[in-house]
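Structure record follows, encoded as structure tokens.
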Amino acid sequence: LSNREELLARIRAQMHEKRYQHTLGVAQSARELAERYGADPDKAELAGLLHDYCKCWPVEKMFEILVRHDMPTELLEGEKELWHAFAGAIVIQYDLGVTDPDILQAVRYHTTGRAGMSLLEKVVCVADYIEPNRSFPGVEKIRALADKDLDAALALALGGTIQFLIEKQKTVYPLTLTAYNDLVSRKG
Ligand code: DGI
Ligand code: FE
Ligand code: FE
Ligand code: FE
């Protein structure tokens, strides 16, 4: 992909309009968070643009990609909502030629998080929660915290997701729990 227009067109072709607007919002929020916390703003914006690349693909297609790349059984047998992050990291590498490991990891872990997240991973994960088009109970508090303390914002966001999943009696993916525990146990 030789230029930005081409990249945006390619991304836009993978999803419906609302998801594309969300994507642009995450890219912008990720750039702002990167500038605020000293991550690479260009990488943050690109990771934001790419983070939901596979989100609207048929689950069969994502499943096939995950199987072909030997993803763990717990992922394949678990919640399909998580697949787009892991499949996305593979697809942007093989279809779009993205090689930067920081960007690939930021896409891979944007949904679940993980213990020991990099600054860029945190930036993209938080941007996904707070981008301007997002509205859910508690988003304003996460937005306000994101301006002061990125880890605290991420802990609040992941904690809210865990609570939401428990209320719905859905499985909580182990990485999500370890991400949350890691953030709250480091807190000073
Ligand atoms: O792709 P987005 O909608 O922008 O946001 P996302 O990738 O952060 O989350 C997608 C969905 O995944 C969201 O509805 C919550 C769900 N989710 C996040 N962590 C977990 C999870 N679902 C399960 N079952 N387990 C998790 O640990
Ligand atoms: Fe996502
Ligand atoms: Fe969709
Ligand atoms: Fe997203």
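The values are calculated or read from the model by the stated rules, or taken from the named source; none is laboratory data. This one's a predicted model, so the numbers in the text were calculated from it and none came from an experiment. As a convention, Cβ positions derive from the backbone with ideal geometry for all residues, glycine included, and neighbour counts pool all protein chains shown.
Out of (1) touching a helix residue (DSSP H, G or I) at 6+ places or on another chain (Cβ under 8 Å); (2) farther than 21 Å from Ile65 by Cβ; (3) part of a helix (DSSP H, G or I), the odd one out for Met117 is which?
Failed condition: (3).
What do you reckon, is Ala85 in contact (Cβ under 8 Å) with a residue 24 or more places away in the chain, within 16 Å of ligand 1 (Cβ to nearest atom) and aliphatic (A, V, I, L, M)?
It is true that Ala85 is in contact (Cβ under 8 Å) with a residue 24 or more places away in the chain, within 16 Å of ligand 1 (Cβ to nearest atom) and aliphatic (A, V, I, L, M).
Going through the range 33-71 one residue at a time, which ones are more than 16 Å from ligand 1 (Cβ to nearest atom), without any contact (Cβ under 8 Å) to a residue 12 or more places away in the chain and either part of a loop (DSSP other than H, G, I, E, B) or closer than 19 Å to Ser118 by Cα (or both)?
Glu35, Pro41, Asp42, Asp70
Can you tell me which of Leu120, Leu158 is buried (at least 20 other Cβ atoms within 10 Å of the Cβ), modelled with pLDDT of 95 or more and within 21 Å of Asp42 (Cα to Cα)?
Matching residue, one of Leu120, Leu158: Leu120.
Return only the number of the condition from (1) closer than 18 Å to Arg31 by Cβ; (2) in contact (Cβ under 8 Å) with a residue 40 or more places away in the chain; (3) assigned to a helix (DSSP H, G or I) that Ala153 does not satisfy.
The one condition Ala153 does not meet is (2).
Tally the residues that are more than 16 Å from ligand 4 (Cβ to nearest atom) and either surrounded by 14 or more Cβ atoms within 10 Å (Cβ to Cβ) or within 21 Å of His22 (Cβ to Cβ) (or both), restricting the search to the range 132-148.
Of the residues in that region, 7 qualify.
Mind checking which pairs have a first residue in the range 105-134 that is on the phi > 0 side of the Ramachandran plot and a second that is outside any loop (DSSP other than H, G, I, E, B) and within 11 Å of ligand 4 (Cβ to nearest atom), Cβ under 7 Å, 6 or more apart or different chains?
Once the first residue is on the phi > 0 side of the Ramachandran plot and sits in the range 105-134, its partners that are outside any loop (DSSP other than H, G, I, E, B) and within 11 Å of ligand 4 (Cβ to nearest atom) give Gly113/Cys125.
Read through the list (1) crowded, with 20+ Cβ neighbours inside 10 Å; (2) more than 21 Å from Asp95 (Cβ to Cβ), then give the number of the only condition that Glu81 fails.
With (1) crowded, with 20+ Cβ neighbours inside 10 Å; (2) more than 21 Å from Asp95 (Cβ to Cβ) applied to Glu81, the lone miss is (1).
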